[in-house]
Amino acid sequence: MVVPLNRVAREIRHLLTGKNYHRVDPTTIDEIGVVTHFFNEITQDLEKISYDIRERRRMSSELDIASQIQKDVLPKEAPEIPGLDIVARTRTASEIGGDTFDFIPAPETHQTFIYIGDVTGHGVPAGLVMMMVDTLVTTLVARGVDNGRDLIVYTNALLTPRISSRLFMTTVMLRWDHAAQKLYYTGAGHEHILVYHHKTETVDAIQSGGIALGMIPDMSKIAQEKEIPLEIGDTIVLYTDGITEAKNQTGEMYGLQRLKEAVQKNG
C-alpha cells in the first residue's frame, strides 16, 4: 500500500508546487487505485484547460492586432473640404467590426467621395470584407472613376466573386462637387439618409435604395446616382444600424423615429 500511495503523493506535490509531474499507472483496483485514476483524470483536465487558456490568449492577441489594423485604416480626422463641415465617429461592438467610413478626394475632378458601410455580422469575416471594400473604393477613385454610381457598380463587380455568398455590405456613397457645391448619393441597400433643413427645421429621411454589395454580380441596372438639394446650414446624417437597432434595458430598439427627432432637435 505504501509504495503506490507515496508515488501518487509525490506527483500531487509536484502538481501543487508547479513542478513537472507524471501520470501514475494504477497497479490495483482498491482505494489507492481509485485515487491514482482520479489524479490522472484531474491532470488530464488541467492540461486541456491550460491549452485552452493559451489558445484564447493567442487568439485574443491576434484579434487585438487585427483590431488595431482596422482602426488604422479608418480616417484619423475629417478632411478639409470646401463648403462642408464634417464629423465622423465609430465604435465597434466587438474587437473587430464591419462598419466603415472614408473620405476620398479626387483632385483631378475637384470632387470628394464620402461613404459609410456596414458588413453583415461582426468579427474577422466582416472586418476582412470591410478592408477589401475600402481598398477597392480607394483604388477605383485613384484610377479615375468620377461618379458614385460607377464606383458602386465596379466595386461590387470586383468584390462579389471574392467573398462568401453569406457576406454582403450595405453602403451609401456621397459625391461632393466642389465647384458646383452640389451633393449626390448612390445607395447600395443601406440605411436612410437623414437631411436636416436649416430654414424649416425639419428632417427628411431619404431611402438610400439599391442593393447591398456582394449580393449579385452585376448591379449596373439597379444603382443610380441622385442629387440631394442642399442650402447653407443644412445637415446630412449617415449612420449604421448600430444606432437604430441599439436596445435599452427592456429590449426596445432606438429606432429611426428617435434618431430623426434627435437630429431635428440638434440640427
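The values are calculated or read from the model by the stated rules, or taken from the named source; none is laboratory data. What you are looking at is a predicted structure, and each value in this text was computed from that prediction instead of being measured. Because the Cβ atoms are built from the backbone with ideal geometry, glycine has one as well, and the counts that use them run over all protein chains shown. Surface areas here come from the heavy atoms of the whole protein model, side chains and all, with no ligands, DNA or RNA. Shrake-Rupley method; radii C 1.70, N 1.55, O 1.52, S 1.80 Å.
Considering only region 206-230, state which residues are outside any loop (DSSP other than H, G, I, E, B) and either free of Cβ contacts under 8 Å to residues at least 60 places away in the same chain or crowded, with 18+ Cβ neighbours inside 10 Å (or both). Listed by number, the residues that qualify are 206, 213, 226, 227, 228. Taking region 165-201, which residues are among the β-branched types (Val, Ile, Thr) and within 15 Å of residue 237 (Cβ to Cβ)? Passing the criteria: 172, 193, 195. Report whether or not residue 124 is closer than 30 Å to residue 59 by Cβ, surrounded by 22 or more Cβ atoms within 10 Å (Cβ to Cβ) and touching a residue at least 12 places away in the same chain (Cβ under 8 Å). It is false that residue 124 is closer than 30 Å to residue 59 by Cβ, surrounded by 22 or more Cβ atoms within 10 Å (Cβ to Cβ) and touching a residue at least 12 places away in the same chain (Cβ under 8 Å).
When the test is whether a residue is open to solvent by less than 40 Å² (accessible area, probe 1.4 Å) and in contact (Cβ under 8 Å) with a residue 12 or more places away in the chain, residue 234 passes it. If residue 195 satisfies all but one of (1) assigned to a strand (DSSP E or B); (2) more than 30 Å from residue 160 (Cα to Cα); (3) open to solvent by 20 Å² or more (accessible area, probe 1.4 Å), what's the number of the condition it fails? In the conditions (1) assigned to a strand (DSSP E or B); (2) more than 30 Å from residue 160 (Cα to Cα); (3) open to solvent by 20 Å² or more (accessible area, probe 1.4 Å), residue 195 misses (3) alone. Among the residues of region 60-81, the one identified as at pLDDT 90 or above and open to solvent by 40 Å² or more (accessible area, probe 1.4 Å) is 80. Applying the condition of being of a type in the set (Ser, Thr, Tyr) and within 21 Å of residue 106 (Cα to Cα) to region 142-185 and asking which residue is nearest to the chain's Cα centre (by Cα) yields 171.
Is it fair to say residue 143 is exposed (fewer than 14 other Cβ atoms within 10 Å of the Cβ) and within 26 Å of residue 92 (Cβ to Cβ)? Judged against the criteria, residue 143 is not a match.
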